[in-house]
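Since every read-out is calculated from the coordinates, none of them should be taken as a lab result. Worth saying up front: this structure is predicted, and the values here are computed from it rather than measured. For neighbour counting, all protein chains shown are included, and Cβ atoms are generated from backbone atoms with ideal geometry for every residue, glycine included.
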Amino acid sequence: MSPKAVVERSAGKGLDIIAICDHNTAENVEACIRVGMQHGIRVLPGLEINSREEAHTLAIFETPKQALAMQDIVYQHLDGVNRPELFGDQVIANEFDEVEGFNDRLLIGATGIGLQEIVGEVHRLGGLSIASHVDRPSFSILSQLGFIPPDLGLDALEVSHPETWESMGNDTPGIGGLPIVTSSDAHFLTDIGRVYTLFVLYAPDIEEIRKALHGESGRKVGR
Amino acid sequence: MKVEEVQALFHLDVSAGQKGLGREITGGYCGDLLSDVMANAFQGGVWLTIQSHQNIVAVAVLKELACIILVNGHIPDEETKGKAEDEGIPILLSPLSAYDLAGRLYEAGIGKTEA
């Protein structure tokens, strides 16, 4: 998945806002933002952080600077070196889809940072903290921790298969009250646009999305 | 066997929940995914895990487990210790892996079943 391919596919699917959230890194976000500008797509920079509990959580920001500040924190707590023969090449590309380098960290690994601290740091930097694919049986906060700690302070939960979520139902302990967003968790180009979330916003930015998640001032999450 | 007997027998450190040391152990379970432990652990069980998040105490209370043993040298978060104190759920610490400690507990007769 290269920056141009991701953005062009998103444009073809009619998406207006996408978030680039690689595992434990934000090194490709700036290239994607630049391509997005050429296609009229708002690309939000982020990361999908693997916590100490091995629960995946999305950190989505307004600016690359914020995302890269979060990346610094993640890198300080991430051990290991990638083995491309096992986990694939971790390419860093520019907006022309040229390879600028390879990330040699073990990005698939878990960081040493607990969820509570991750949520705190994401909020301190001005971002949104969203628990990833809570409807899936692996690396989700529900699989790892059984239920969502009530004082964690997440902004939303991400569901990647709405039909699974319907059958799980809202009787899962500890999820009450948190907004749900639906997104594709795309690992391949063909995943992009598989599912999406409708937001009613005045502008495609983090503050507006935050308001929509809380149903403030006429902004809302559509269905 | 009581939690305090297991603690003494295997030289485990008591990290929190001292007041629950008199609980009776009936068997055991190993697991780090709390969803799995909630589904499969049972009343009176000793639970071996590396998960140190505060939710482990809630799971232990919910399933009426005898105690939690953090293995492989893991230590609980401060919030976890606080909740264990409040709930009287002993958290014991072992440098051994779950496999090694479970084997020793089993050999000591805890939860041992006919093959």
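Our coupling estimate for the range A:45-50, obtained by passing each phi through the Karplus curve with A = 6.51, B = -1.76, C = 1.60 and θ = phi - 60°, is x, x, 9, 10, 8, 9 Hz, Gly and Pro reported as x. Residues A:Ser10, A:Ser167, arranged from fewest to most other Cβ atoms within 10 angstrom of their Cβ, appear as A:Ser167, A:Ser10.
By DSSP, the beta bridges lying fully in the range A:1-145 are antiparallel in about 65 percent of cases. Residue-wise HN-Hα couplings along the range A:71-76, as the Karplus relation 6.51 cos²θ - 1.76 cosθ + 1.60 with θ = phi - 60° gives them from phi, are 4, 4, 5, 4, 4, 5 Hz; Gly and Pro carry x.
Note on B:His11, A:His56: ascending count of other Cβ atoms within 10 Å places them as B:His11, A:His56, the fewest first. With an a/c value of 1.5 or above and a/b not larger than b/c for the gyration tensor axes a ≥ b ≥ c computed over the alpha-carbon atoms, the range A:124-203 is described as oblate. Only helices enter the 222 nm calculation for chain A: every DSSP H run of n ≥ 4 contributes -39,500 (n - 2.57), and dividing by all residues gives -8500 deg cm²/dmol, rounded to 500.
Database remark: amide H of B:Ala16 closer than 5 angstrom to the amide H of B:Ile91 (H placed geometrically; neighbours at sequence offset of 5 or more, or on other chains; Pro and chain starts carry no H).
Take each residue of peptide A:141-152, count the partner chain Cβ atoms within 10 Å of its Cβ, and average: the result is 5. Put simply, the C-alpha atoms of the range A:1-139 give a gyration tensor, and the ellipsoid matching it has half-axes of 23, 18, 14 Å, longest first. How big is the gap, in Å, between the Cα center of the range A:1-15 and the Cα center of the range B:86-115? Using only Cα atoms, the two centres lie 52 Å from each other.
The GluC sites (Glu not before Pro) of the range A:78-180 that DSSP puts in a loop, and whose beta carbon has at most 13 other beta carbons within 10 Å, are A:Glu98. The 3J(HN,Hα) values that the Karplus relation (6.51, -1.76, 1.60; θ = phi - 60°) gives for the range A:97-106 are, in residue order, 6, 8, 6, 9, x, 10, 8, 9, 7, 7 Hz. Gly and Pro appear as x. With 23 Å as the limit on Cα-Cα distance, the pairs of B:Lys2/B:Lys112; A:Lys211/B:Lys83; B:Lys2/B:Lys63 that go past it are A:Lys211/B:Lys83. In chain B, excluding the sites themselves, the longest stretch lacking any of the GluC sites (Glu not before Pro) that are in a DSSP loop with at most 16 other Cβ atoms within 10 Å is B:1-63. For the range A:69-116, applying the loop criterion from DSSP together with a ceiling of 14 other beta carbons within 10 Å to the chymotrypsin sites (Phe, Trp or Tyr not before Pro) yields A:Phe96. The trypsin sites (Lys or Arg not before Pro) of the range A:1-55 that meet both conditions, a loop assignment by DSSP and at most 13 other Cβ atoms within 10 Å of the site Cβ, are A:Lys13. Each Cα pair under 8 Å and six or more residues apart adds its sequence gap; the mean of these over the residue count of chain B is a relative contact order of 30 percent. Short to long, the 10 Å bins of the Cα pair-distance histogram for the range B:60-115 hold 21, 45, 29, 4, 0 percent of all pairs.
For A:Ile20, the residues 5 or more places off, or on other chains, whose built amide H falls under 5 Å of its own are A:Leu44, A:Gly46. Going by the alpha-carbon gyration tensor, a ≥ b ≥ c the square roots of its eigenvalues, is the range B:3-107 rounded (a/c under 1.5) or, if a/c is not under 1.5, prolate (a/b greater than b/c) versus oblate? Rounded. With semi-axes defined as the square roots of five times the eigenvalues of the C-alpha gyration tensor, the equivalent ellipsoid of the protein assembly as shown measures 42, 22, 17 Å, largest first. Scaled against 2.2 N^0.38 Å for its residue count N, the alpha carbon radius of gyration of the range A:83-162 is 1.37. Bridge orientation summary for the protein assembly as shown: considering DSSP beta bridges with both residues in this region, about 45 percent are antiparallel.
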